[in-house]
Amino acid sequence: MAANPQALYSRQAETDASTSGKLLSAKNVTLEYRTPERLVRATHDVSFDVYGADRFVLLGPSGCGKSTLLKAVAGFIEPVAGSIEIGGERVRGPGADRIVVFQEFDQLPPWKTVVQNVIFPLRVARKLSRAEARERALHYLDKVGLAKFADAYPHTLSGGMKQRVAIARALAMQPRVLLMDEPFAALDALTRRRMQEELLRLWSDERFTLLFVTHSIEEALIVGNRILLLTPHPGRVRAELNSHQYTQESMGRGEFQQSVARIHRLLFEEEIAQ
């Protein structure tokens, strides 16, 4: 590791995260996938722990394997080495305890209304009766500010609104870990900022555990309370650090910009120097 994370940030974690037990653990995880040309190593020997109520961010440049790592946590990809555990149980496939919100806006079936999109996975999982599922769906649509659009269809919504529906649908399942794969990357700058605000507001209300993938240093500092830095391809752990002291109001301040510059050096310049 090129730098000591303690030199960058206090080791104090947020109260909820530090007093909650370890929920997710990745141990020496190596991931590979095959293309028509070759076998690609996406990550190499990656380890980290996520605690209850963490907002844990996987940050790195394109091609570092962060999305592949998220898919492995979701159970879509099996490690070729190492293991991933949820609550001490090894991940061996997808499960309702891990729900993914993707970047794409077309993750909502267009023939279902907004409330039907949120209800559908609840009914498939046989968690609730029809009436209970509708009540919970409406509750979470209200949480994301879309109660008035419950009977609308996805094609009538903006990109940001579609992502809010996807978040409501995921939270309604009450997963142990909410997985988000660059969910705001395709949004314009103003909508992206608003979505970051809304995600943090939701977290403040619900205190869910979040594993969030981004390649934006600024977004990682704002959204996360803990950040794992991954090197360029294949992804290895460069550093782990805390960022709970930052909010969107921090962006114009010198300390925030210095942290952005330090992380950039960790991710790129020190890798080149080796």
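Here are some notes:
- Whole-percent pair-distance distribution, where bins are 5 Å wide, for the alpha carbons of the stretch 72-111: 6, 20, 25, 18, 13, 9, 6, 2, 0
- The stretch 56-124: GluC sites (Glu not before Pro) falling in loop per DSSP and having at most 11 other Cβ within 10 Å: none
- Entries in LYS66/LYS127; LYS127/LYS162; LYS71/LYS127 that, when Cα-Cα distance is taken, lie over 28 Å: LYS66/LYS127
- Cα gyration tensor of the stretch 109-174 - equivalent ellipsoid semi-axes, whole Å, descending: 18, 12, 10
- Sorting 182-188, 151-157 by their mean Cβ neighbour count within 10 Å, with the most densely packed peptide first, gives 182-188, 151-157.
- Per residue of the chain, the DSSP helices (runs of n ≥ 4 H) give a summed -39500 (n - 2.57) that works out to -10000 deg cm²/dmol at 222 nm.
- Cα gyration tensor shape of the chain, rounded if a/c is under 1.5, else prolate or oblate by comparing a/b with b/c: prolate
- Of the chymotrypsin sites (Phe, Trp or Tyr not before Pro) in the stretch 64-122, the ones in a loop by DSSP (not H, G, I, E or B) with at most 11 other beta carbons within 10 Å are TRP111.
- Whether the stretch 199-267 is rounded, prolate or oblate, judged on the alpha carbon gyration tensor where a/c under 1.5 counts as rounded: oblate
- Rg and Dmax of the stretch 121-265, based on Cα coordinates, read 17.1, 53 Å.
- Within the chain, percent of DSSP bridges classed antiparallel, to nearest 5: 55
- Using the Cβ of PRO154 as centre and a radius below 14 Å, the other residues enclosed give a net charge of +1, where K and R count +1 and D and E count -1.
- Separation in nanometres of the label points that stand 7 Å from Cα toward Cβ, at GLU240 and HIS155: 4.7
- Highest-fluctuation residue, THR209, THR113, THR35 considered, GNM on the chain with Cα pairs under 10 Å: THR35
- Take 158-169, 135-146 and order them by the average number of nearby Cβ atoms within 10 Å per residue, most first; the result is 158-169, 135-146.
Values in this text are rule-based calculations from the coordinates and carry no lab data. It should be emphasised that the depicted structure is a prediction, and the values quoted were computed from it without experimental measurement. All Cβ positions, glycine included, derive from the backbone under ideal geometry; neighbour counts span all protein chains shown.
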